[in-house]
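I have placed the structure first, in the form of structure tokens, so that the comments after it can refer back to it.
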Amino acid sequence: MGNKIVQEKENVPVLSVEELSVSFNMYQKGLRRENLEVLHKLSLSIHAGEILAVAGASGSGKSILAHAVLGILPGNASTRGRMLYKGQPLTEKEKRRLRGREIAFIPQSVDYLDPLMRVGRQVMGVRGTKERQRELFGKYGLEEGTEKKFPSMLSGGMARRVLIASALMEEASLIVADEPTPGLSKELAEETLQNFRELADAGCAVILITHDIDLAFRAADKIAVFYAGTIVEIAPAKDFRAGKEALRHPYSRAFLEALPQNEFRPLKGFQPYAGKLPKGCLFAERCSERSGMCMGEIPMRKVRGAEVRCVHAR
Amino acid sequence: MARMKYTGKTVLRMLTLFIAVSILSFLLLEASPVDPMTAYIGTDSTFSEEAKEEILRHWGLNEPPVKRFFKWAWNFVHGDWGESITYKKPVKTVIAERLKYSLALMFAAWSFSGILGYAMGILAAVRKGRLTDKLIKTFCLALQSAPTFWIGLLSLSLFAVHLGWFPIGLAAPMGKAAEEVTISDRIYHMILPAFTLSVLGIGKIALYTRQKFIEILNREFILYAKAKGESMGQIVMRHGIRNTLMPAVTVQFASFSELFGGIALAESVFSYPGIGSALTAAGLGGDVPLLLGIAVCSAAFVFAGNLTADILYLALEPRDGSFVH
């Protein structure tokens, strides 16, 4: 009996997002208000010990997803859908309680640090201790003087390690990292990924938001392909490594083909603008397999052990 | 080297300022319709023409203006600031006596407006767009548009006349011997004038702080602080004050000139015996030596304020991206 509860608890995802939509209230030309939906019925889930890479082109709204999970969207944003954290509803109040404690955020760059505060104090945050900060700095090879430095005095690699150390100040179960590697050298990027792997192996769930699909291949267990504000496919990373035949969504395949190390063939057309979305499948306009069925509601469905948002996928 | 050059330039600027201020004040007084003689003896005096001649000679008013100015300047540089016609005392003594009253008043008003204005600015920024913000903004704009003397009269009639909480004027209780006047007497008499004078600065510093903090609140590091679980109060204490206090202090130093302009009005309304009311008296009495003395002193004061602001600004806004601490 007790065993069964433990078993079930292990199967509960650390985070599951169900049909999340985020829209912004914006003023267009004078007083005309427009409700701009930037995330559409997005679903994903992640378990302890996993790294889920959310990959997609720049400007497709990936950071909004991160901000929505943390509850730090701007005031003019409204959300629909449901989020569960360890099986419990993740309300705004819960987010306020959990962020910084159990849900940690790793931002993109040193711009996310207060330029006038010494790094050591920032890493400690409001609840951390000096001992833990020193321990983490030691772990990430940040030399003794670093804590006394101001953010502008850090090199790119140091800043990256400082931000990771910040996330570990408390006992995080879920880490959301937003574009953690751009601007880093190859060695540093590798090192950063290694750090994430260690965190996942220690029992964290890690969401890695990136536009670098190459990086996602190597680091992640699962990859979620992001297109025009929604996730079109979530599949094991090995499918992506296996090649385009293993993938299910036409956009995932095109994404793969466009990589320099593959065919380097660009996909024609543009992502639809959030204010002018087509009906039905968001990718239909650029898709070679388009048919009449693509105009209806496209649900997320299971195909060959992965989830995909395409009626043609087999 | 750069520092030497900066110091040299500053000294040069200060000297030219003093020269310009004294020439301008002198010219204005020359052109003013106030006749020092009439102001001194009154319009219906029975003085004989000879006696008047004698007084004019004693004051040196029979000489041409240019000569008089250079004579004054020469003596001024050598430490002789002349004799005040109005108070019949050396100008230096008059200024020294009154400066301490005015400095106390200005310091009180300056710190009060700074602290209150800063706090209001922070609060308004935190509550941006809500009722508190709108109230503070309206209050600040109203204060900024209201003339100092009017605020002075208003507070005088409300707090001193109707409510009787504060004295109507002066810097000490009437009829009390100078040596018996206590510190609390002085503070008690200073409250209303200081409040009136501070009104001038509150709006400016509050609106500036509000603007600056809203800017900071939109920065990415505030978002990150939130993501790390900091509450709004913690964000204000950890990042808000750190990033806005010194710019606000700089602005507050730069407002020294307005403060000096304000004391002339505030002191007149409250008959407060400071530099401001002496300035008014000197202007009305054609008291050239006193007026020039005060003009140069106030120029020095304002210059010091602006210089402090400049230096703070340079120290706080480094252009090479490294912060000096």
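Only one residue in B:Thr93, B:Thr86 is of a type in the set (Ser, Thr, Tyr) and not in a helix (DSSP H, G or I). Which one? Steps first, answer last, please.
Values: B:Thr93 fails: not in a helix (DSSP H, G or I).
Of B:Thr93, B:Thr86, the one residue that is of a type in the set (Ser, Thr, Tyr) and not in a helix (DSSP H, G or I) is B:Thr86.
Out of all the residues in region B:98-132, which are among the basic types (Lys, Arg) and in contact (Cβ under 8 Å) with a residue 12 or more places away in the chain?
Once the filter is applied, which keeps residues that are among the basic types (Lys, Arg) and in contact (Cβ under 8 Å) with a residue 12 or more places away in the chain, region B:98-132 yields B:Arg98, B:Lys128.
What is the residue count in region A:107-120 for residues that are over 28 Å from A:Ala68 (Cβ atoms) and at the interface with chain B (Cβ under 8 Å from one of its Cβ atoms)?
1
Please tell me if B:Ser32 is more than 30 Å from B:Ile191 (Cα to Cα) and among the hydroxyl-bearing types (Ser, Thr, Tyr). Spell out the reasoning first.
Numbers: more than 30 Å from B:Ile191 (Cα to Cα): yes; among the hydroxyl-bearing types (Ser, Thr, Tyr): yes.
Yes: the conditions hold for B:Ser32.
Which of the residues belonging to region A:16-57 are among the hydroxyl-bearing types (Ser, Thr, Tyr) and closer than 24 Å to A:Gln194 by Cα?
Of region A:16-57, the ones among the hydroxyl-bearing types (Ser, Thr, Tyr) are A:16, A:21, A:23, A:27, A:43, A:45.
Hit for region A:16-57 is A:Ser45, nothing else.
Within 14 Å of chain B (Cβ to nearest Cβ) and either on the phi > 0 side of the Ramachandran plot or over 20 Å from the mean Cα position of the chain (by Cα) (or both), is that true of A:Gly100?
Yes, satisfied.
Only residues in region A:151-172 that are more than 9 Å from every other protein chain (Cβ to nearest Cβ) count as the first member; pair them with residues that are of a type in the set (Val, Ile, Thr) and in a loop (DSSP other than H, G, I, E, B), Cβ under 7 angstrom, at least 6 apart or cross-chain, and list the lot.
No pair meets every condition.
So, restricting to helices (runs of 4 or more DSSP H) that lie completely within region B:175-265, which ones have at least 1 residues that are within 14 Å of another protein chain (Cβ to nearest Cβ), modelled with pLDDT of 85 or more and surrounded by 22 or more Cβ atoms within 10 Å (Cβ to Cβ)?
Values: elements: B:183-217, B:220-227, B:232-235, B:241-254.
By residue number, B:183-217, B:220-227, B:241-254.
Looking at region A:125-134, which of its residues are more than 15 Å from A:Ala159 (Cα to Cα) and either more than 9 Å from every other protein chain (Cβ to nearest Cβ) or of a type in the set (A, V, I, L, M) (or both)?
Listed by number, the residues that qualify are A:Val126, A:Gly128, A:Thr129, A:Lys130, A:Glu131, A:Arg132, A:Arg134.
For region A:67-97, which residues satisfy the criterion of being surrounded by fewer than 22 Cβ atoms within 10 Å (Cβ to Cβ), within 9 Å of chain B (Cβ to nearest Cβ) and either modelled with pLDDT of 90 or more or in a strand (DSSP E or B) (or both)?
Matches in region A:67-97: A:His67, A:Gly71, A:Ile72, A:Arg96, A:Arg97.
For (1) in contact (Cβ under 8 Å) with a residue 24 or more places away in the chain; (2) closer than 30 Å to A:Ala66 by Cβ; (3) out of contact with any Pro (no Cβ under 9 Å at 6 or more places or on another chain), each residue gets a yes or a no:
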residue	(1), (2), (3)
B:Trp165	no, no, yes
B:Met174	no, no, no
B:Thr182	no, no, yes
B:Ala194	yes, no, yes
B:Lys212	yes, yes, no
B:Leu223	no, yes, no
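At pLDDT below 85 and either over 26 Å from A:Tyr140 (Cβ atoms) or basic (Lys, Arg) (or both), is that true of A:Lys238?
No.
Report yes if some residue within region B:11-32 is part of a helix (DSSP H, G or I), among the basic types (Lys, Arg), farther than 14 Å from B:Gly286 by Cα and at pLDDT below 80; otherwise report no. Break it down stepwise before answering.
Taking region B:11-32 first, the residues part of a helix (DSSP H, G or I) are B:11-31.
With the extra rule that they be among the basic types (Lys, Arg), the set shrinks to B:13.
Filter once more, keeping what is farther than 14 Å from B:Gly286 by Cα: B:13.
From the residues that got through so far, the ones that are at pLDDT below 80 too are none.
No, region B:11-32 contains no residue that is part of a helix (DSSP H, G or I), among the basic types (Lys, Arg), farther than 14 Å from B:Gly286 by Cα and at pLDDT below 80.
Kindly indicate which of B:Thr46, B:Thr38, B:Thr93, B:Thr86 is among the polar types (S, T, N, Q) and in contact with a Gly (Cβ under 7 Å, 6 or more places away or on another chain). Steps first, answer last, please.
Details: B:Thr46 fails: in contact with a Gly (Cβ under 7 Å, 6 or more places away or on another chain); B:Thr38 fails: in contact with a Gly (Cβ under 7 Å, 6 or more places away or on another chain); B:Thr93 fails: in contact with a Gly (Cβ under 7 Å, 6 or more places away or on another chain).
Criteria check complete, one pass: B:Thr86.
The values are calculated or read from the model by the stated rules, or taken from the named source; none is laboratory data. The shown structure was predicted, so the numbers you read here are calculated from the model rather than taken from an experiment. Every residue, glycine as well, gets a Cβ built from its backbone with ideal geometry; the counts of neighbours run over all protein chains shown.
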